[in-house]
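J.: I'd like to ask you about the structure that follows.
What follows draws every value from the coordinates through simple rules; no lab data is involved. Computed from a predicted model, the values in this text were never measured in an experiment. Reconstructed Cβ throughout: ideal geometry from the backbone, glycine too, with neighbour counts over all protein chains shown.
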Amino acid sequence: MSDNDLVTPYPQLRQETLARDRGLREKVMSLEQAAKLISDGDHVALGGCHLSRTPTAMIWALIRARKQKLTVSRSIASSETDLLLASGAANHVVTSWFSQGLIWGVSKVMRHYTEKKLAVFEEWSHMSMGLRYRAGAMGIPFMPSRTMLGSGVGEQLGEKLKTMTCPFTGEELALLPALNPDWALIHVQRCDAFGNAQLDGLQFMDLDLAMAAKRVIMTTERIVSNEQIRRTPDQTRIPFFTVEAVVEAPMGCAPHECYGVYEPFFSHLDDYAHVTTKDPIEGSKKYLDRYFYGPKSWPDYLSELGMDAVLDACRRGRSVHND
Amino acid sequence: MSDNDLVTPYPQLRQETLARDRGLREKVMSLEQAAKLISDGDHVALGGCHLSRTPTAMIWALIRARKQKLTVSRSIASSETDLLLASGAANHVVTSWFSQGLIWGVSKVMRHYTEKKLAVFEEWSHMSMGLRYRAGAMGIPFMPSRTMLGSGVGEQLGEKLKTMTCPFTGEELALLPALNPDWALIHVQRCDAFGNAQLDGLQFMDLDLAMAAKRVIMTTERIVSNEQIRRTPDQTRIPFFTVEAVVEAPMGCAPHECYGVYEPFFSHLDDYAHVTTKDPIEGSKKYLDRYFYGPKSWPDYLSELGMDAVLDACRRGRSVHND
Amino acid sequence: MTKHQANDATYTASELLCVMAARLLKDGQIVFAGIGVPLLAATLAQQQFAPHLTILFEGGTIGPRIVPGELPPSTNEQRCTRYANMVLPITDVLLLLQRGYVDIGFMGGAQIDRFGNLNSSFIGDPNNPKTRLPGTGGGNDISSLTNMIVAMKHEKRRFVADVDFITSPGWIRGGKSRAQAGLPQGGLWRVVTDLALLGFDEATREMQVLALQAGVTREQVQDNTGFKLLFADNLEAIEPPRKDELATLRRLDPDRRFTA
Amino acid sequence: MTKHQANDATYTASELLCVMAARLLKDGQIVFAGIGVPLLAATLAQQQFAPHLTILFEGGTIGPRIVPGELPPSTNEQRCTRYANMVLPITDVLLLLQRGYVDIGFMGGAQIDRFGNLNSSFIGDPNNPKTRLPGTGGGNDISSLTNMIVAMKHEKRRFVADVDFITSPGWIRGGKSRAQAGLPQGGLWRVVTDLALLGFDEATREMQVLALQAGVTREQVQDNTGFKLLFADNLEAIEPPRKDELATLRRLDPDRRFTA
C-alpha cells in the first residue's frame, strides 16, 4: 500500500479515485505492459477462488517481471500463491485458507515459507475477508460482523480486529477494517476494450474486489465489442471505470479453471503437488523455470502444459452447458 | 412488526427464520390466499421502484382484503402508496421520496394524508433506505454510512439515526439501523413453484429486500419449471427459502412497468393524476371503486385497464429486446 | 412561459438551463443525473464535446444512451437502461458516490438558500407544513458525497435566506460548517438559473454571482433573490444558447416534455 | 485402512463416517457442506430420506445436484454448481449463516478438544508452529454462526484436552463461555467418529459419548481419546451401515476419491 494504514484514509481513497481517468476509454494492452503498472510492495488482491478463475496469466507476468515484496490477498489461496512466494514476488499473504487443495494435502511450499518465517501468513475468516473487501467497495472504514469472536484467529489479529457494543441492541460485535487493495487482478469470460466485464457462473468476491481495489487489471478469455456488452447490460458485473488495463489472455486461468470454458488441469496439478511435496524449494524452482521463466510467451506456456491437456480441460469445462 | 423494536433483536430474527419451513417445497397459491398471510399492523416492504416492477397485483389483493394499519416501506413510493393510504390499508410510510412522479407534480393524495396527519411519512435518504435493508439482509444490526449528516432529514429522525466515531480512522459516521420487514412483496418476470426467482434488468433493492424480510410473497409474470431455473443458476437472484408464497400474476405491475415485458400505462397514469389532483379524496375513492373493489378478478381488473392499453404497454415493453 | 431572444433563435427557460448546465461539464466525467434538465444537459454535453462522459441513474444504470423522443419518466424505468454499459442495484449505484467515483451530481429543489442548502421536503414549519413535498430521494446522498450543480428557475420565493428545511446539505451555515457536520467531501459548486451563473465564496461559502445571462442586469438578479447576493469583481458574459445546442436538445425532446 | 465388518458388507472408516453423519440430518434442512465426507453425507441423506434438504457450498452455490463420479475438488469449482437452484457471491452465501438460514454446518479439523473447539491452523506453538496448517477457511464463520456436526477419525493425537489454537470455536471453555465471548447462537452439536457418536453435556459443555459404533467398547473410545470422556447413562447402539447406504455412496464416489 502507498502507506501502512490498515484502513486507507477516506480523503486519500477519494483523491486517488478521482485522480484517475475514469472516462470511457480503450485500455487494451499486453500482459507485459500491464505488469509494468504494478510496483514492488503493492497490495495485490487476486480474483477467483481456490482453483477457479485464478488470474494465472497476470500472476505469470508479474513473476516473470521479477516483482518483489508484494502483499497478496485472496480468500482461498492455492498453488498460485505458492508460486508468488517461491518466486520471491510476494512475502505477505492475507487469506482465510492457504494450501494447494484438500485432495493434495497440506502445501509444503506454504509450510516452508511460513514456518521458516520467510513470509507472513495473515489469517482472517473467509466471510471476514469478503466483508473487508465489501466495506472497501462501499467506501466505509469497517463492517460490523458476528464471527472471529472468542477464537484464536481473532485474538491473533490484535488491534486489526476491533469490537464494539451496538448502540441499537447492546450486542457485542466484531468490526472488520475495510480493505482497499492497490490492485485487483480479475479474470473473466468476456470483457470489452473499456473494461466492462461480464462473468458467468461463480462470482466469488470479484464484484466487491473490483469496487474495493484502487485499480483493476482485467484479463479475459476474449475481448468483445462494447455494442455486445450494451445488448445485455444486466449481465455486466464489473464497470469499466474500475479498470486500468484490459488484457486478452485465452486459457488465462490454466492450470486452474474458468467457469464454463475449462476445468482444472487435474493431472498437471497432481504433478505439481508431487514435485513440490518431494522438495518444496527445488520442486517449485524447477516448476517456475519450466513453466514461468522458460516460455517465450503465454501461448508458449500453454504449449508446455500440452495441447491434449488443454483440450481435455476444455471438454470438461463445457460440461456445464450440457445440463 | 411483531414488536416495536426499531431493530429486530438478533435472537428473535434467527428464531423466526429457523422456525419457518425452509425445505424445497411448492408454495403456489392465489392472490387471495397470499393476502390472508399478512396481518394488520405488519411492516410490508414493496419491491421495485417508483413506476417499475411494483407489486401491484399483491397490493390490489391486500386492499381488497381490507387490511389495516400496515406500515409500508419503499425507497421511492408512487401511486401504489397513494392507494394504500387512500384505502385505509396503511397509515405509515417509510421512504425517501413519495409522489406519483415528477411529470405529474406533487401527489395531492400524499399531501392530504400527510399534511392532515392521517398518516406518517417517515423520510430517509435513498441510499439509507437501501443500506437499512442491506444491514437487515446481512444479519447485522446497523450499517455505517456517510450521508444524512448535517441535514434536517437526519435531525428529524432523532434517535433512529445514530452517529459514532470510527475506531479505525477517527471519522464521524452515521449508523443506520437494520430494517427487517415482516414481509417483502416482490414481482419478477419468472419464478419456479419453490420461489427461485430470476429477474431481468433493473433489480432496484429487491435482492436485499428478499434477504432482509422475514418472509417474501413473490408474484411473477409466469411460473417456470425448477428444471429451467437449474439450467441457469447464475441468473437466479432470490433463493426459494426466503419465499412463503408464489403467485402467478400476468401483467402484475400494471399500470406500472415490468422490465422487458411492458412499460408504464402512461395515459392511465395521466388520468389517475387528473382525478386525484382535482379531488384527492373523491378521486382516489372513485379510482379504488372502479379498479380495486369493482373487478371480480385480476383479469377483470386488466380488462378495466383496457386491452388496447395492455397491448400498447407490452409493445413498448418489448422494445429493450430490440436493441 | 418566458421567451428569450438570442442569435435570432427563440428558446425556453428550461432550454437555457440545459445549455448552461451542459457547458459546465467536462469530457470523461462521471455524472449523476436525474431526469429533465440534468439528463438533457448531460446528454447535450456528450453529443457536443464530451463523448467519454458517463451518465449514472439513481435507478441503477451506468452509461446509457438516450433514445431521442423516448426520455424516461423517472430514473427507474427500462428506458433508462437503453444501450447501457451496466445495470446494477440501486444501493450499489448510490454507493459509487460514497466510494468516490462521481465527479458531479445534478440537483434541484423547491428552495435554495444563501449557503446552497436545498429543500425538497417541506414548505413552512416541518412539523406543521403548508406543503409536504416528495422528499429527498437520492438528493441528500448526492449532496453529501459529491460536487453539485443546481439548475433552477430564478425566483424570489425559491432563492431564500434560509430554507425551511435542509433536505440536501450545501455549505450548511457557511465557512467550515459542512466539514464540521461530518461532510468533508463534496459541496455545492455551481447554481445555474435563467438569470445568472452562481458560485460560492471560498471562505464564507455565501452565494455569489459569477456571470449574467445575456441581457440580464445585476439588479434583475438581486430583485429575484430573497437575500443579499455577492457579485464577483468582473462578471463574465455568458454566450446565449447556440442553434446547434438548441437543435440537439429539440431532437432529444421533440415533444418538449421537459423543455417546455 | 481399517476394514469394518457388518451385515456381511465391508466398508471403510470414511464410508462409516458418511453414513453416520447422514443419519443425523433431517428432511427440509439447509446444510452447509464442505467436500468429502460432508458432501457425501448430505447427498446420501437427500437420496435416502431427505429429498427436500438443501446443500450450500461456501464457493457460492445453493441447492446443487451432485453428478455421480464428478465430485468437486473443492467447494469453489463449476462442478459445485451442476443443476443448482442459485449461484451467488461467496460473501453472500456465508452471510446466510449470519442471517440465520442454516440448520447445520459440517466441520472438520486436525484437532478437537473436550469442549469441541477445533484447530486447523497450527500444530504446536502458534508463534513458532511445528506445522502451519491451511487455516480456517469458512470454518470459523460456520462454527460461530450455526450448529455443527464434526466427522473425523477417532485418534488420540486429534482428540486432545486443549487444542493448540482455536480456529473454530466450539463451547470454548465450557459452561456459558461461548455466549459470553459474543456467540450466543450455534455451537458444536455432534461429533461422529469411526468409534462413536458424541455430544456435549448441556451444563458443562464437556464432550460426552452418546453411542458406540458396532463392536466398539467404551475402553476403545477412551483409549483413543486424549482426555477423560463423559459417557451417557444408557449408551445407544448404532446400526452399522446398510447395504443400500453403501451402494448409494459408491455410486456417488465410484473412484473412492473421498471414501478410500
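J.: Compute the FRET efficiency between C:Glu202 and A:Thr165 as 1/(1 + (r/R0)^6), taking r as their Cβ-Cβ distance and R0 = 45 Å, and round to the nearest 0.05.
T.: 0.60
J.: What's the center-to-center distance, using Cα atoms, between region A:53-124 and region D:192-244 in Å?
T.: Between the Cα centre of region A:53-124 and that of region D:192-244, the gap is 40 Å.
J.: Over chain A, calculate the relative contact order: mean separation of alpha carbon pairs under 8 Å at least 6 apart, over the residue count, as a percent.
T.: 20 percent
J.: Under a point spin-label approximation (7 Å from Cα along Cα-to-Cβ), what is the A:Gln33-A:Ser303 distance to one decimal in nm?
T.: Those two pseudo-labels are separated by 2.4 nm.
J.: Now for a separate question. Nearest 500 deg cm²/dmol is fine: what mean residue ellipticity at 222 nm does chain C get from its DSSP H runs of n ≥ 4 alone, each adding -39,500 (n - 2.57), divided by its residue count?
T.: Value at 222 nm, helices only, nearest 500: -6500 deg cm²/dmol.
J.: Here's another thing I want to ask about it. Can you compute the FRET efficiency between B:Leu311 and C:Gln48 using 1/(1 + (r/R0)^6), with r the Cβ-Cβ distance and R0 = 25 Å? Round to the nearest 0.05.
T.: So the FRET efficiency works out to roughly 0.05.
J.: Further, regarding this structure: Whole-Hz Karplus ³J(HN,Hα) for region D:163-170, in order, using 6.51 cos²θ - 1.76 cosθ + 1.60 and θ = phi - 60°, x for Gly and Pro?
T.: Working through the residues one at a time gives 5, 5, 7, 8, 7, 10, x, x Hz.
J.: Please give the net charge around A:Val72, taking every other residue with its beta carbon less than 15 angstrom from that of A:Val72, where Lys and Arg add +1 and Asp and Glu add -1.
T.: Summing Lys/Arg as +1 and Asp/Glu as -1 gives -3.
J.: Can you pull the mean other chain C-beta count within 10 Å for peptide A:258-265?
T.: Numbers: counts 1, 5, 3, 1, 1, 6, 5, 0.
Mean inter-chain Cβ contacts per residue within 10 Å come to 3.
J.: Still on this structure, I have one more. Once the label point is placed 7 Å from Cα along Cβ, list for D:Ala214 the distances to the corresponding points in the other copies, in nm, shortest first.
T.: Copy-to-copy label distances at D:Ala214, shortest first: 9.8 nm.
J.: Could you work out Rg/(2.2 N^0.38 Å) for the protein assembly as shown, with Rg from alpha carbons only?
T.: Relative to the 2.2 N^0.38 Å estimate, the protein assembly as shown comes out at 0.95.
J.: Moving on to the next point. Post the alpha-carbon centroid distance, region C:96-125 to region A:166-232, in whole angstrom.
T.: What the calculation gives is 30 Å, centre to centre.
J.: Where the only charges are on Cβ atoms (+1 Lys, Arg; -1 Asp, Glu), what is the dipole of region D:3-252 about its Cα centre, to the nearest 20 debye?
T.: Numbers: 25 positive and 25 negative charges, 52 e Å.
So the dipole magnitude of region D:3-252 works out to roughly 260 debye.
J.: Same structure again: When you look at the Cβ of every residue in B:130-138, what mean number of other chain Cβ atoms sits within 10 Å?
T.: Across B:130-138, the average partner-chain Cβ count within 10 Å equals 5.
J.: Output the peptides B:204-210, B:23-29, B:222-228 sorted from most to least packed, where packing is the average of other Cβ atoms within 10 Å over each peptide's residues.
T.: Going from most to least packed, we get B:204-210, B:23-29, B:222-228.
J.: What's the lysine pair count for region D:3-252 at a Cα cut-off below 29 Å, pairs eight or more apart or interchain?
T.: For region D:3-252, the number of qualifying lysine pairs is 17.
J.: I've got another one for you. In peptide C:56-68, what is the residue-averaged number of other protein chain Cβ atoms found within 10 Å of each Cβ?
T.: Counting other chains' Cβ atoms within 10 Å and averaging over C:56-68 gives 4.
J.: Answer with one residue from B:Met29, B:Leu62, B:Val72: the one whose Cα lies farthest towards the positive end of the charge dipole of region B:1-95, charges on Cβ with Lys, Arg +1 and Asp, Glu -1.
T.: Value: B:Met29.
J.: Under a point spin-label approximation (7 Å from Cα along Cα-to-Cβ), what is the B:Glu122-A:Gln228 distance to one decimal in nm?
T.: For the pair B:Glu122/A:Gln228, the computed spacing is 4.8 nm.
J.: Given DSSP loops and a limit of at most 16 other Cβ atoms within 10 Å, what is the longest stretch of chain D that contains no such GluC sites (Glu not before Pro)?
T.: Of all site-free stretches, the longest is D:71-154.
J.: Highest mean first, what order results for B:268-274, D:27-33, B:169-175, C:113-119 on Cβ atoms within 10 Å?
T.: C:113-119, D:27-33, B:169-175, B:268-274
J.: Now for a different question. Along the charge dipole of region C:3-252, Cβ charges K/R +1 and D/E -1, which of C:Ala196, C:Gln47, C:Ser120 sits furthest on the positive end?
T.: Checked the options; the winner is C:Ser120.
J.: Follow-up question, since we're still on this one. What are the nm distances, shortest first, from A:Pro11 to its equivalents in the other copies, labels at 7 Å along Cα→Cβ?
T.: Those separations, rounded to one decimal, come out as 4.5 nm.
J.: What's the magnitude of the charge dipole for the protein assembly as shown around its Cα centre, counting Lys and Arg as +1 and Asp and Glu as -1 at the beta-carbon? Answer in Debye, nearest 20. Intermediate values should be presented prior to the final figure.
T.: Numbers: 126 positive and 132 negative charges, 16 e Å.
Charge dipole of the protein assembly as shown: 80 debye, to the nearest 20.
J.: Moving on. Any idea which of A:Val246, A:Phe168, A:Val216 is furthest toward the positive side of the dipole for region A:163-317, if Lys and Arg beta-carbons carry +1 and Asp and Glu beta-carbons -1?
T.: Working it through, the farthest residue towards the positive pole turns out to be A:Val246.
J.: If the label for A:Lys69 sits 7 angstrom from Cα along the Cα-to-Cβ line, what are its distances to the same label in every other copy, in nm to one decimal, shortest first?
T.: 6.7
J.: For the cross-link pairs B:Lys69/B:Lys278; B:Lys69/B:Lys160; A:Lys108/A:Lys160; B:Lys116/B:Lys285; A:Lys214/A:Lys296, which exceed 23 Å when the distance is taken from alpha carbon to alpha carbon?
T.: B:Lys69/B:Lys278; A:Lys108/A:Lys160; A:Lys214/A:Lys296
J.: Let me ask something additional. Over region A:193-286, what is the mean sequence separation of C-alpha contacts under 8 Å (at least six apart), divided by residue count, expressed as relative contact order in percent?
T.: 32 percent
J.: For chain D, what's the relative contact order in percent, using C-alpha pairs closer than 8 Å and at least 6 residues apart? Intermediate results must be reported in sequence, preceding the final value.
T.: Numbers: 571 pairs, mean separation 50.9, N = 260.
Rounded, it is 20 percent for chain D.
J.: Also, I was wondering about something else. A:Gln228: net charge of surrounding residues, Cβ under 9 Å, Lys/Arg +1, Asp/Glu -1, itself excluded?
T.: +1
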